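If you scroll down you'll find the structure; I have some questions about it.
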Amino acid sequence: MAKDLAIDLGTANTLVYRKGDGIVINEPSVIAVNRSTGEVLATGEEAWRMIGKTPGYIVAVRPLRGGAITDFEVTEKMIRLLLQRAGVSRFSRPKVLICVPSAITEVERRAVTDATRRAGAADAQLLEQPMAAAIGADLPINEPVGNLVIDIGGGTTETAVISLGGIVHIEAIRVGSFDIDSEIQAYVRRSHGIAIGERTAEHIKKAIGSAMPMPGLQDAEVRGRDLVSGLPKTVVLTAIEIRDAINPVVTQMIDSVKRCLGAAPPELAQDFLKRGMYLVGGGALLTGMGERISFETQVPVVLSNDALEAVVLGAGHCVENFSELRSLFMDYRRDLNESRD
């Protein structure tokens, strides 16, 4: 009998939780395809290493951008391979719970479920990432207290106020860690006259990127292609200039958190001051991000111990205890639809 699965279908990384086994797949959301034949050559970590290094007939791409499917066929192939690696076959078709950003449209939601069913799932249901993250962070979502979750992913930033098993308010923008990478690429191109790739920009972000001044950050040597001569060139970047370059994107993220706080009922706002806000997602690992949000909002920020895995762990808990949580999510979906109306 097929074991039910939970999938965090992220813009940057895809994680798969199998009932009874925990997280079985954690890889970049990248797939390499032969343009001529449509054959899938690699997925995950292997495909990620190919980005920017493939010949013309091979393309290594991220089929999801901004939390939404940009290439339906490629996404379906990637999901099919994920299900196969998780033990799915034509004789064992599991139910799949998929975590998606709350910012996506109904058309995009339908595209995700259709791609999953066509890839081999017996049934596919969606769960918004902030609610899954709250469960994964072990927050008391069923109690009459305010829980505020900030989920900074590769393509979206979502801030949700949760109480009594439902969403009180969601603030979601299609700005995430990839936008930080893009700002770094644009800055290096504009200020130093060299072109760098997506992977190099991500490396710079991890090495010296920060949301506010932090001790211990050193300069970084970066190699790229000179835009004038076309020859390889090396420049030295400082933490200060990278922080200034990415500040507009970080400011957009923090402004969305402020808007969510401003929409929260006063009684719940008191809970945030006492218990803090919970920060999850890959973008939460940017140096100084939690400190910057806390400084700007004057509310404590708690970085989840499982920032990268909180969403899929929450969805996995739902898969393990679906019968107990069925009523909770029926109420949650009703409240979410009412808030959208």
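Taking the alpha-carbon centroid of each part, what is the distance from the stretch 12-61 to the stretch 171-203 in angstrom?
If we compute the Cα centre of each part, the gap is 21 Å.
At 1.306 mPa s and 10 °C, plugging the Kirkwood radius over alpha-carbon pairs of the chain into Stokes-Einstein gives what diffusion coefficient in µm²/s? Mind showing how you got there, number by number?
Working: Rh = 20.9 Å.
Estimated via Stokes-Einstein, D reaches 76 µm²/s.
To continue, here is another question. Give the peptides 24-30, 301-307, 280-286 in descending order of average Cβ contacts within 10 Å, highest first.
Sorting 24-30, 301-307, 280-286 by mean packing, highest first, produces 280-286, 24-30, 301-307.
Counting other beta carbons within 10 Å of each residue's own, what order do LEU64, LEU261, LEU15 fall into, fewest first? Don't jump to the answer; show the numbers that get you there.
Numbers: LEU64 27, LEU261 20, LEU15 24.
Ascending number of Cβ neighbours within 10 Å: LEU261, LEU15, LEU64.
Using θ = phi - 60° and the Karplus curve 6.51 cos²θ - 1.76 cosθ + 1.60, what whole-Hz ³J(HN,Hα) does each residue of the stretch 156-167 get, with Gly and Pro shown as x?
In residue order, the calculated couplings are 9, 10, 10, 10, 10, 9, 10, 7, 6, x, x, 8 Hz.
Please identify the trypsin sites (Lys or Arg not before Pro) of the stretch 45-93 that satisfy two criteria: DSSP loop assignment and at most 15 other Cβ atoms within 10 Å. Which are they? Could the numbers behind the result be given before it?
Details: sites: ARG49, LYS53, ARG65, LYS77, ARG80, ARG85, ARG90; in loops: ARG49, LYS53, ARG90.
Hits after loop and neighbour filter: ARG49, LYS53, ARG90.
In the stretch 1-107, which chymotrypsin sites (Phe, Trp or Tyr not before Pro) fall in coil by DSSP and have 15 or fewer other Cβ atoms within 10 Å?
Working: sites: TYR17, TRP48, TYR57, PHE72, PHE91; in loops: TYR57, PHE91.
Filter output for the stretch 1-107: TYR57, PHE91.
If the chain between ARG85 and GLU296 were fully stretched, how many nm would it gain, using 0.36 nm times the residue separation less the Cα-Cα distance?
71.6 nm
About its Cα centre, how strong a charge dipole does the chain have in debye, to the nearest 20, once Lys and Arg get +1 and Asp and Glu get -1 at the Cβ?
Values: 37 positive and 43 negative charges, 209 e Å.
Value, rounded to 20: 1000 debye.
Let's see if you can work this out: charge +1 on each Lys and Arg Cβ, -1 on each Asp and Glu Cβ, no other charges. What is the dipole magnitude of the stretch 177-245 about its Cα centre, in debye to the nearest 20?
On the way: 9 positive and 10 negative charges, 36 e Å.
Once rounded to the nearest 20, the dipole reads 180 debye.
Next question, about the same structure. What dipole magnitude, in Debye to the nearest 20, does the stretch 135-217 give about its Cα centre under +1 on Lys/Arg Cβ and -1 on Asp/Glu Cβ?
Approximately 460 debye in magnitude.
Compute and list, largest first, the equivalent-ellipsoid semi-axes of the stretch 177-245 from the alpha carbon gyration tensor, each √(5λ) rounded to a whole angstrom. Could the numbers behind the result be given before it?
On the way: eigenvalues 82, 30, 19 Å².
After diagonalising the Cα gyration tensor, the semi-axes are 20, 12, 10 Å.
If the viscosity is 1.002 mPa s and the temperature 20 °C, what translational diffusion coefficient in µm²/s does Stokes-Einstein give for the stretch 77-144 when Rh comes from Kirkwood over Cα pairs?
Details: Rh = 13.2 Å.
D, rounded to a whole number, is 162 µm²/s.
Once phi is turned into ³J(HN,Hα) by the Karplus curve 6.51 cos²θ - 1.76 cosθ + 1.60 with θ = phi - 60°, what whole-Hz value does each residue of the stretch 172-188 show in order, with x for glycine and proline?
For the stretch 172-188, the Karplus-derived couplings read 10, 10, 8, 9, x, 4, 5, 5, 5, 4, 5, 5, 5, 4, 5, 5, 5 Hz, x marking Gly and Pro.
Can you tell which of GLN125, SER89, ALA172 lies farthest toward the positive end of the dipole of the chain, using +1 and -1 charges on the Cβ of basic and acidic side chains (Lys, Arg; Asp, Glu)?
Among GLN125, SER89, ALA172, the one farthest towards the positive end of the dipole of the chain is SER89.
Another question, if that's okay. Specify which residue in the list SER182, THR234, ILE204 is farthest towards the positive end of the charge dipole of the stretch 177-245, using unit charges on the beta carbon of Lys, Arg (+1) and Asp, Glu (-1), about the Cα centre.
Going by the charge dipole, the pick is THR234.
On a 29 Å Cα-Cα criterion, which of the cross-link pairs LYS206/LYS258; LYS3/LYS77; LYS77/LYS258 come out too long? Don't skip to the end; give the middle numbers.
On the way: LYS206/LYS258 25 Å; LYS3/LYS77 21 Å; LYS77/LYS258 39 Å.
Violating the 29 Å limit, Cα to Cα: LYS77/LYS258.
Quickly estimate the mean residue ellipticity at 222 nm for the chain, helices only: each DSSP H run with n ≥ 4 gives -39500 (n - 2.57), and the total goes over all residues, rounded to 500.
Working: 11 runs with 141 residues, N = 341.
Value at 222 nm, helices only: -13000 deg cm²/dmol.
Over all directions, what mean area does the Cα convex hull of the stretch 126-213 project, stated in square nanometres? Please list the in-between numbers first.
On the way: hull surface 30.4 nm².
If you wrap the Cα atoms of the stretch 126-213 in a convex hull and average its projections, you get 7.6 nm².
Read the figures in this text as sums done on the coordinates, not as results from a lab. None of these values were measured; they are calculated from a predicted model. Heads up, the Cβs are rebuilt from the backbone with ideal geometry, glycines too, and the neighbour counts pull from every protein chain shown.
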